[in-house]
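Report on the following structure.
The values are calculated or read from the model by the stated rules, or taken from the named source; none is laboratory data. These numbers were taken from a predicted model, which means no experiment stands behind them. Using ideal geometry, Cβ is built from the backbone for each residue, glycine included, and neighbour counts are taken over all protein chains shown. The area values use the complete protein model at the heavy-atom level, side chains included, leaving out ligands, DNA and RNA. Shrake-Rupley method; radii C 1.70, N 1.55, O 1.52, S 1.80 Å.
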Amino acid sequence: MREKVEAVLDKVRPMLQADGGDVELVEITENNIVKVRLQGACKGCPMSQMTLKNGIERTVLKLLPEVKGVEAV
């Protein structure tokens, strides 16, 4: 499962890196919640929650329906 999630994060990573940010996979819980850490410019950005929900989570849920959600840690 970790490899699948990393592959999906690799799809959204260029969008984040274009703005000076990145995302790191921290863990996948037993309830299939993906926990990520925003890095770089994304870390303190006021739009980070929107990026997390509308960009990262939407893509992960679309490509990996077994995932229940994505949360920042």
Q. Name the residues in the stretch 35-52 that are surrounded by 12 or more Cβ atoms within 10 Å (Cβ to Cβ) and closer than 10 Å to A72 by Cβ, would you?
A. K35, V36, R37, L38, C42, K43, S48, T51, L52
Q: Filter the stretch 1-32 down to residues that are within 11 Å of the chain's Cα centre (by Cα), of a type in the set (V, I, T) and in a strand (DSSP E or B), then give me how many there are.
A: 2
Q: Kindly indicate the residue of the stretch 1-17 that is of a type outside the set (A, V, I, L, M, F, W, C) and open to solvent by less than 90 Å² (accessible area, probe 1.4 Å) and also farthest from K68 (Cα to Cα) among those meeting that condition.
A: P14
**Q.** Flag for V60 being open to solvent by less than 50 Å² (accessible area, probe 1.4 Å) and assigned to a strand (DSSP E or B)
**A.** no
Q. Could you give every pair whose Cβ atoms fall below 7 Å, whose first residue belongs to the stretch 42-62 and is within 17 Å of I28 (Cα to Cα), and whose second residue is charged (D, E, K, R) and open to solvent by 60 Å² or more (accessible area, probe 1.4 Å), counting only separations of at least 6 or pairs across chains?
A. T59/K11
